[in-house]
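Everything below concerns the one structure shown next.
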Amino acid sequence: MDRKIKLFSSKQERLVEYTVPIEHGMVVLDAVIYVLEHFDSSISVRWNCKAGRCGSCGAEINGVPSLMCKTRLDSINGDIEVLPMKVFPNVKDLVIDPTDTWHIKKSIPNFKINEQIISKSNDITATKNITLYEYDVTRAQEFKRCIECFLCLDSCHAVRVHKSAYIGPMHVVKTASLDMNPLDSIDRREFLDKKGIRFCNVTKCCTEVCPAKIKITDNAIIPEKERINDKKVI
Ligand code: SF4
Ligand code: F3S
Ligand code: FES
């Protein structure tokens, strides 16, 4: 069976249609690779693992931020339209420029161990006995699943409207992973407050598109908002 796939061409500033023969189990990335190999090798597209692990193949597939390597063609009715994520500057065709996102990530105050749990010898391996609960570890592990695919940023209307005034869901996940580490000592509430977490009105679009199934809104954003409000009340 053949399917039509339309890919965004930055040179032509429009979608260009191709017809691709489909086999059972193919994903959108397979169809894009077929187009590269049989019609136009100049199309720019990023991918690496083809297994949903590297986060590099994000795009808008029929308007939904998705990983091309995890979206099966048989899950889409009708024609397939693939455009670059629109919240980022476009470099060429399906390739976006995430430079600003890496700068924002670097601005997050880094992990600093609570010195009260380090022995006086300053030997980090000679920490005092502390109790780590399974709940604490599980919570941090969830955020470590982030593959930095940027789909949550692309799905977020608050990021689109307020741009750099709102840090965005991916970075709240990173901040929460540090804040919820029981060994950490940094207070990042003022940082998140200044970075516009109030612009998030918990629409949960970020959670819906996350391929790592992180409960971004419920487990990262809402607890961080509550911590900021607690500080203001106190
Ligand atoms: Fe991607 Fe999820 Fe990480 Fe956002 S939180 S960058 S959607 S893996
Ligand atoms: Fe945006 Fe997610 Fe909040 S989509 S508005 S960060 S719940
Ligand atoms: Fe790595 Fe799709 S190619 S996530």
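No value in this document is a laboratory result; all are computed from the given coordinates. Keep in mind the model is a prediction, meaning the values are calculated, not measured. Neighbour counts are summed over all protein chains in view; Cβ atoms, including those assigned to glycine, are modelled from backbone coordinates with ideal geometry.
Tabulated results
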read-out: Förster radius 35 Å - calculated FRET efficiency between ASP218 and LYS6, Cβ distance, rounded to 0.05; value: 0.50
read-out: Label-point separation in nm, ASN77 to ILE113, each point 7 Å along Cα→Cβ; value: 5.7
read-out: Phi-based couplings in Hz for the range 180-185 (Karplus 6.51, -1.76, 1.60; Gly and Pro marked x); value: 8, 7, x, 8, 7, 10
read-out: The range 158-232 - convex hull of the alpha-carbon atoms, volume per residue in Å³; value: 88
read-out: Inter-part distance where the range 196-217 and the range 34-105 are each reduced to a Cα centre, Å; value: 20
read-out: Dipole magnitude of the range 1-148 about its Cα centre (Cβ charges: Lys, Arg +1; Asp, Glu -1), debye to nearest 20; value: 520
read-out: Two-site FRET efficiency, LYS86 against ASP136, from Cβ-Cβ distance with R₀ of 30 Å, rounded to 0.05; value: 0.20
read-out: Kirkwood-type radius of the range 1-111, with distances r between different C-alpha atoms, in Å; value: 14.7
read-out: Hz values of 3J(HN,Hα) by residue in the range 23-28 - Karplus curve (6.51, -1.76, 1.60), Gly and Pro given as x; value: 10, 4, x, 5, 10, 4
read-out: Extension gain from ARG198 to CYS49, taking 0.36 nm per residue of separation minus the Cα-Cα distance; value: 50.1 nm
read-out: Set of lysines near LYS163 by C-alpha distance (under 16 Å), chain-local residues within fewer than 8 positions excluded; value: LYS86, LYS105, LYS194, LYS195
read-out: Compactness of the chain, expressed as Rg and Dmax over alpha-carbon positions, Å; value: 20.9, 70
read-out: Positive-end residue, the chain charge dipole about Cα centroid, Cβ charges, pick of TYR166, MET26, VAL95; value: TYR166
read-out: Percent of beta bridges antiparallel (DSSP, the chain, rounded to nearest 5); value: 85
read-out: Estimated FRET transfer efficiency when R0 is 30 angstrom, pair LYS106-GLU17 (beta carbons, to 0.05); value: 0.15
read-out: Anchor LYS4: aspartates and glutamates whose Cα lies under 14 Å away (excluding residues fewer than 8 positions away in-chain); value: GLU17, GLU23, ASP30, ASP74, ASP79, GLU81
